[in-house]
């Protein structure tokens, strides 16, 4: 009888390996390979052009706040979605500096959007972000390609963006 119970438990545990953990807090990493949750997020136009009502970053780049995420997906371009609230996260400040550098390099080929927890909390919930910073790289088809929890380096994101934009140039 004990053997039968043990086998039943083992089958249950192995079956759990196929579960969708998308509802687990901080589980944004489980979105890799899946369609990005599409939702409306605030834009600069929504706040009358007042940067202080959309980001706590001291040196924001207005290009990161032009599109709502749902409208960005409709552009069929790769998207870098940066979750960072520099108002309470010192690493987020450095992360946004890197994103501005990437934006300058890939401006016409990749869309960059910054989500600040103070102003777009619904995006944090949809992408299951807990802690900061988090970076989601989404391909032109709207699939989450890469998720980076924590601060990342130029050497980590640049090859990903180079590959995504090269495949677009080839028609892939």
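Considering each of 52, 56 in turn, give the residue that is farther than 23 Å from residue 165 by Cβ, more than 17 Å from the chain's Cα centre (by Cα) and assigned to a helix (DSSP H, G or I). Explain how you work it out, then say what you get.
Working: 56 fails: assigned to a helix (DSSP H, G or I).
After applying the criteria, what remains is 52.
If we keep just the residues of the range 29-49 that are touching a strand residue (DSSP E or B) at 6+ places or on another chain (Cβ under 9 Å) and not in a loop (DSSP other than H, G, I, E, B), which is surrounded by the most Cβ atoms within 10 Å (Cβ to Cβ)?
Among them, the one singled out is 31.
Can you say whether residue 162 is exposed (fewer than 15 other Cβ atoms within 10 Å of the Cβ), more than 14 Å from the chain's Cα centre (by Cα) and under 18 Å from residue 39 (Cα atoms), as far as the supplied structure shows? Outline the logic, then answer.
Numbers: exposed (fewer than 15 other Cβ atoms within 10 Å of the Cβ): yes; more than 14 Å from the chain's Cα centre (by Cα): yes; under 18 Å from residue 39 (Cα atoms): no.
No; evaluated as a whole, the condition is false for this residue.
Results for (1) over 13 Å from the mean Cα position of the chain (by Cα); (2) assigned to a loop (DSSP other than H, G, I, E, B); (3) closer than 16 Å to residue 158 by Cβ, shown as yes or no for each residue.
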| position | (1), (2), (3) |
| --- | --- |
| 86 | yes, yes, no |
| 92 | yes, no, no |
| 113 | no, no, no |
| 132 | no, yes, no |
| 137 | no, no, yes |
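So, in the range 115-130, how many residues would count as being touching a strand residue (DSSP E or B) at 6+ places or on another chain (Cβ under 8 Å) and either part of a helix (DSSP H, G or I) or crowded, with 20+ Cβ neighbours inside 10 Å (or both)? Spell out how you get there, then give the answer.
We begin by selecting, within the range 115-130, every residue touching a strand residue (DSSP E or B) at 6+ places or on another chain (Cβ under 8 Å); these are 115, 117, 123-124, 127, 129.
Then drop every residue that is not either part of a helix (DSSP H, G or I) or crowded, with 20+ Cβ neighbours inside 10 Å (or both), which leaves 115, 123-124, 127, 129.
Summing the residues that are touching a strand residue (DSSP E or B) at 6+ places or on another chain (Cβ under 8 Å) and either part of a helix (DSSP H, G or I) or crowded, with 20+ Cβ neighbours inside 10 Å (or both) in the range 115-130 gives 5.
Of the numbered conditions (1) more than 16 Å from residue 102 (Cα to Cα); (2) in a loop (DSSP other than H, G, I, E, B); (3) touching a strand residue (DSSP E or B) at 6+ places or on another chain (Cβ under 8 Å), residue 77 fails exactly one; give the number of that condition.
Result: residue 77 fails condition (1) only.
Any residue in the range 72-85 that is in contact (Cβ under 8 Å) with a residue 24 or more places away in the chain, touching a helix residue (DSSP H, G or I) at 6+ places or on another chain (Cβ under 7 Å) and more than 22 Å from residue 149 (Cα to Cα)?
The answer is no; no qualifying residue exists.
Of the conditions (1) touching a helix residue (DSSP H, G or I) at 6+ places or on another chain (Cβ under 6 Å); (2) modelled with pLDDT of 95 or more; (3) within 21 Å of residue 96 (Cβ to Cβ), residue 159 clears all except one; give me its number.
Checking residue 159 against (1) touching a helix residue (DSSP H, G or I) at 6+ places or on another chain (Cβ under 6 Å); (2) modelled with pLDDT of 95 or more; (3) within 21 Å of residue 96 (Cβ to Cβ), the one that fails is (1).
Going by the structure shown, is residue 98 assigned to a helix (DSSP H, G or I), closer than 22 Å to residue 140 by Cα and either in contact with a helix residue (DSSP H, G or I) (Cβ under 8 Å, 6 or more places away or on another chain) or modelled with pLDDT under 95 (or both)?
On the way: assigned to a helix (DSSP H, G or I): yes; closer than 22 Å to residue 140 by Cα: yes; either in contact with a helix residue (DSSP H, G or I) (Cβ under 8 Å, 6 or more places away or on another chain) or modelled with pLDDT under 95 (or both): yes.
So residue 98 passes the test.
Yes/no per residue for (1) surrounded by 23 or more Cβ atoms within 10 Å (Cβ to Cβ); (2) at pLDDT below 95; (3) more than 25 Å from residue 45 (Cβ to Cβ):
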position: 56; (1), (2), (3): no, no, no
position: 63; (1), (2), (3): no, no, no
position: 70; (1), (2), (3): no, no, no
position: 75; (1), (2), (3): no, no, no
position: 78; (1), (2), (3): yes, no, no
position: 83; (1), (2), (3): yes, no, no
position: 142; (1), (2), (3): no, no, no
position: 146; (1), (2), (3): no, yes, yes
position: 172; (1), (2), (3): no, yes, yes
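The values are calculated or read from the model by the stated rules, or taken from the named source; none is laboratory data. The shown structure was predicted, so the numbers you read here are calculated from the model rather than taken from an experiment. Every residue, glycine among them, receives a Cβ derived from its backbone with ideal geometry; neighbour counts consider all protein chains shown.
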